[in-house]
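Reading through the structure tokens given below for one structure.
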Amino acid sequence: MQIINMNNLNKTQIIQAAQILTDSIPIGWPILKHALDEIHELLTPKNTLLAAIEDDIVVGGGGILPAYNGNVFELHPLAVRSDKRRQGIGRAIVTALEDEARKQGGLTIHVGADDERGNGETSFANVDLYDDLPGKIISFSPGTHQSGFYLKLGYKIIGVMPDANGIGKPDIFLGKRLW
Ligand SMILES: CC(C)(COP(=O)(O)OP(=O)(O)OC[C@H]1O[C@@H](n2cnc3c(N)ncnc32)[C@H](O)[C@@H]1OP(=O)(O)O)[C@@H](O)C(=O)NCCC(=O)NCCS
């Protein structure tokens, strides 16, 4: 597996990357065209998008977008092809994105991980996040949600947006120090 800049992907490979996005996060990008538009919009010189490639086929990808004068980078988007998960590809992409953010002078990297599927997956779903949020952060449980992946990679919960995706469906902000 190789990690390469998405600027170096050919048309077929860009479609493969977009297909992974729409398959993995259909709430965000319900159809392939939406995912393709997102990739094309994000492929500007200020952002960095990386793809994981196996035998010339894209198996995952992710990006970082600068904010706060370059002190902070948002990790967005991130997805690994469903049949290729739990093999270290997500970690490899995120590690490469963190290295890139650090190289560009970033101090913090963060991600917003929506708990929006079904009846909620984490202990933040369907509870009053205005009541003792610090206590709820201490006892946070990710369940099946992707926040478990970020916690494994050393990310900490740095905030929450209650009801971001409807009542009881928060966005969970996770961050990591880069220095
Ligand atoms: C989240 C995602 C990118 C992880 O990619 P991956 O290639 O499966 O992750 P890795 O194999 O590199 O996993 C790294 C570690 O995290 C763990 N992990 C992976 N997914 C996890 C999850 N959902 N919950 C808890 N732990 C998880 C792995 O077991 C591994 O732990 P280990 O080092 O102890 O073995 C992938 O599941 C995905 O594409 N999901 C759908 C899209 C998505 O949710 N994107 C994020 C939007 S915020």
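What are the pairs, 6+ residues apart or on separate chains, where a residue within region 134-162 that is without any contact (Cβ under 8 Å) to a residue 24 or more places away in the chain and closer than 22 Å to GLU98 by Cβ has its Cβ under 6 Å from a residue that is more than 15 Å from the ligand (Cβ to nearest atom) and assigned to a helix (DSSP H, G or I)?
Filtered contacts from region 134-162: ILE157/ILE137.
Identify, from the list GLY118, GLY105, GLY112, the residue that is more than 18 Å from GLY60 (Cβ to Cβ) and either among the aromatic types (Phe, Trp, Tyr) or within 10 Å of the chain's Cα centre (by Cα) (or both).
Exactly one of GLY118, GLY105, GLY112 is more than 18 Å from GLY60 (Cβ to Cβ) and either among the aromatic types (Phe, Trp, Tyr) or within 10 Å of the chain's Cα centre (by Cα) (or both), namely GLY112.
If we scan region 27-37, do we find a residue that is part of a helix (DSSP H, G or I) and surrounded by fewer than 14 Cβ atoms within 10 Å (Cβ to Cβ)?
Among the residues of region 27-37, at least one is part of a helix (DSSP H, G or I) and surrounded by fewer than 14 Cβ atoms within 10 Å (Cβ to Cβ), which makes the answer yes.
Report yes if GLY88 is surrounded by fewer than 14 Cβ atoms within 10 Å (Cβ to Cβ) and within 14 Å of the ligand (Cβ to nearest atom), otherwise no.
Yes: the conditions hold for GLY88.
Filter region 1-37 for residues that are charged (D, E, K, R) and touching a residue at least 12 places away in the same chain (Cβ under 8 Å) and give the result.
If the condition is that a residue be charged (D, E, K, R) and touching a residue at least 12 places away in the same chain (Cβ under 8 Å), then ASP23 is the only one that fits.
With the requirement that a residue be surrounded by fewer than 21 Cβ atoms within 10 Å (Cβ to Cβ), in contact (Cβ under 8 Å) with a residue 24 or more places away in the chain and away from the ligand (no atom under 13 Å from the Cβ), what does region 107-125 give you?
Result: LEU107, THR108, GLY120, ALA125.
Pairs needed: first member in region 64-90, part of a helix (DSSP H, G or I); second member anywhere, of a type in the set (S, T, N, Q) and buried (at least 17 other Cβ atoms within 10 Å of the Cβ); C-beta distance under 9 Å; at least 6 residues apart or different chains.
TYR68/THR108; SER82/SER24; GLY90/GLN146
From the set of residues in region 54-63 that are in contact (Cβ under 8 Å) with a residue 40 or more places away in the chain and surrounded by fewer than 19 Cβ atoms within 10 Å (Cβ to Cβ), which is farthest from the ligand (Cβ to nearest atom)?
The residue in question is ASP56.
What number of residues within region 126-164 are charged (D, E, K, R) and within 9 Å of the ligand (Cβ to nearest atom)?
Selection size over region 126-164: 1.
Where a number appears in this text, it was derived from the coordinates with a stated rule and is not lab data. Please read all numbers here as calculations on a predicted model, not as lab measurements. With ideal geometry, Cβ positions are generated from the backbone for all residues, glycine too; neighbour counts draw on all protein chains shown.
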